[in-house]
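Notes follow once the structure below has been shown.
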Amino acid sequence: MSRATAHAHPNIALVKYWGKRDLALNLPAVPSLSLTLARFETETTVTWGTTEDRFLFNGEAADPTTAAKIAQFLSLVDPARPPCNVDTANNFPSAAGLASSSSGFAALALAAVAASGQEWSKEQLSVLARRGSGSACRSLWGGFVEWKLGKRADGADSCGTPIAPSQWDVRMVVGVVSSKKKPTPSSAGMESTRLTSPYFPAWVETAAADVELGRKAVLDRDLAALGEVMESSTLKMHATMWTGRPTLNYWLPGTLGCLDAVQALRKAGIGAWATMDAGPNVKVLCLPEDSERVAIALAPWVERTDILAPGGDATVEQH
Ligand code: DP6
C-alpha cells in the first residue's frame, strides 16, 4: 500500500476550449489559454492497494456517476491496478462559481501516478488529466498556460504548456451570479454545439489566431490586448451555444448586468474585461489596484465576489 497527496488550483480560460475532435481521448477541437488561480485549491489523497475502491468527495461517498469516472480514470494510470481509496476535497465552496473539474482531475492525476509508484513527466500527467476533464490539463502549471491542440492521433501531444514569464500580477474578480448547479454539463453542451451550430466552423477557424494574440499579450504584459481577445473568445463561444439546436443559454439577467457594469468601468477608464464559462457567473480580468472597484461594480448583480491572484504549480508528496 502506498499513498500520495496532491494539491492543484482551478484555472479560468482566457481563450476558450469548447468542442471536441475525439470524444474517447477527450481531444479538443480548438487550442486554449488559461490563468491558474491562487488560494482556491483541491487536495486529493490516493491510497494505492487497498481492499476495495472507495472514493470520498468533500468527506462523503462520491455519487455513482462520479465514482465510475474516478474508477475508469485510475485504470488509465495502470490497467491492472489494485483497489484504491481516493479522498478529495475543495477548500472553496461549490458556490464560489468556479468549475472544480480543472483542479480536481489535475490533483487526481498527480496523486494517482505518485501513489502507484510511477514517475511520469509533467506533460504525461497533463495528458492524463485531460482524459478526466479537458480544462484539467492546464491546472498542472501555475500562471498562464496554453493547451496545445496537438497533431497526434493518440493525443500524446495535446497537453498544457506554461507561457513564460508567468509572474505577471493580475487579478480575476469572480462574481457569483448564481451558485445553483448548471443544467447542462459542459461535455454534453459542447457536443450538441459542435453537431448543430452553423457558427461552429467559424469558432474553430478563428481559435488559433486568438491563442496567438493571447500568448503575445501575456508575453508583452498588455492587459488591454489580453482582455479584448478574452472577451471576444468568450462571446464567440456563447454565440455557438445560442445558435445550436436546441439552443443552449447559460446566462441569467445578472450576467448581462455584470457585463454592463464592466463596460461602464471601461468607459470610466478602468481596465476591466469579462469572461463567462458554462454558467452564468462572470469573471473579470483587471490589475490588482482596480480589483476592489471591480468587485464593488459587480456587487448589485451577484451573490458574492472573490478577488483571486495568479496561483502556482500543482504539487504532490508521497507519504
Ligand atoms: C467553458 O474541461 O469541463 O470552461 O473536457 O468535457 O470535461 P470536459 O470539459 P471542461 O470544459 C471547460 C469549458 C469551459 C472553457 C474552458 O475552460 O476552456
First select every other residue whose beta carbon is under 12 angstrom from the beta carbon of A38; then total the charges, Lys and Arg +1, Asp and Glu -1.
-> -2
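Given the chain, what whole percent of its Cα pairs are spread farther than 38 Å? It would help to have the intermediate numbers written out before the result.
Details: 5440 of 50721 pairs.
It works out to 11 percent of all Cα pairs.
Which value results when the Cα radius of gyration for the range 1-59 is divided by 2.2 N^0.38 Å?
Values: Rg = 16.1 Å, N = 59, 2.2 N^0.38 = 10.4 Å.
Ratio of Rg to 2.2 N^0.38 Å for the range 1-59: 1.56.
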Within the range 239-319: Cβ-based charge dipole about Cα centre, in debye rounded to nearest 20 (Lys, Arg +1; Asp, Glu -1) = 440 debye
What does the range 132-200 give for Rg and for Dmax, in Å, if only its C-alpha atoms count?
-> 15.8, 40
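Compute the length gained on full extension between K122 and E43: take 0.36 nm times their separation in residues and subtract their Cα-Cα distance, giving the result in nm to one decimal.
Numbers: separation 79, 0.36 × 79 = 28.44 nm, distance 1.80 nm.
Extending this stretch completely gives an extra 26.6 nm.
If packing is taken as the average number of other Cβ atoms within 10 Å across a peptide's residues, how do 16-25, 262-271 rank, most packed first? Each step should come with its number before you reach the end.
On the way: 16-25: 18.3, 262-271: 14.7.
Output ranking for 16-25, 262-271: 16-25, 262-271.
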Summing Lys, Arg as +1 and Asp, Glu as -1, what charge do residues with Cβ under 10 Å from the Cβ of F105 carry, F105 excluded?
-> +3
If you take the charge dipole of the chain about its Cα centre, with +1 on Lys and Arg Cβ and -1 on Asp and Glu Cβ, which of W273, P183, P198 is farthest toward its positive end?
-> P198
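Under 15 Å between C-alpha atoms is the cut-off here; go through the chain and count lysine pairs that meet it, provided they're at least eight residues apart or on different chains. All intermediate terms of the calculation are to be shown ahead of the outcome.
Numbers: K16/K148; K16/K236; K16/K283; K20/K148; K20/K151; K122/K148.
Count of close lysine pairs: 6.
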Under the Kirkwood approximation for Rh and a Cα-based Rg, what ratio Rg/Rh is obtained for the range 122-171?
-> 1.01
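Over the range 164-319, what lengths in whole Å, largest first, do the semi-axes of the equivalent ellipsoid take, defined as the square roots of 5 times the eigenvalues of the alpha-carbon gyration tensor?
On the way: eigenvalues 126, 84, 66 Å².
Taking √(5λ) for each eigenvalue gives 25, 20, 18 Å, largest first.
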Which whole-Hz ³J(HN,Hα) couplings does the range 28-40 yield from phi under the Karplus relation 6.51 cos²θ - 1.76 cosθ + 1.60, θ = phi - 60°, glycine and proline marked x?
-> x, 7, 9, x, 8, 8, 9, 10, 7, 10, 6, 6, 7
Pick out which of A61, A107, A99 has the largest mean-square fluctuation in a Gaussian network model of the chain, springs linking Cα atoms closer than 10 Å.
-> A61
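Scale the Cα Rg of the range 62-202 by the rule-of-thumb value 2.2 N^0.38 Å and send over the ratio, two decimals.
Working: Rg = 16.6 Å, N = 141, 2.2 N^0.38 = 14.4 Å.
Working it through for the range 62-202, the quotient is 1.15.
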Cα centroid separation, the range 9-60 to the range 218-295 (Å) = 23 Å
The range 34-79, convex hull of Cα, quarter of hull surface, nm² -> 4.8 nm²
To two decimal places, what compactness ratio does the range 81-128 give when its Cα radius of gyration is scaled by 2.2 N^0.38 Å?
-> 1.31
Inter-label distance, nm, simple model (7 Å from Cα along the C-beta direction), D22/A209 | 2.8 nm
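All of the numbers you see were taken from the coordinates with simple rules; none came from a lab. Since this is a predicted model, take the numbers as computed values, not measurements. Cβ coordinates were reconstructed from backbone atoms using ideal geometry, including for glycine residues, and neighbour counts include every protein chain displayed.
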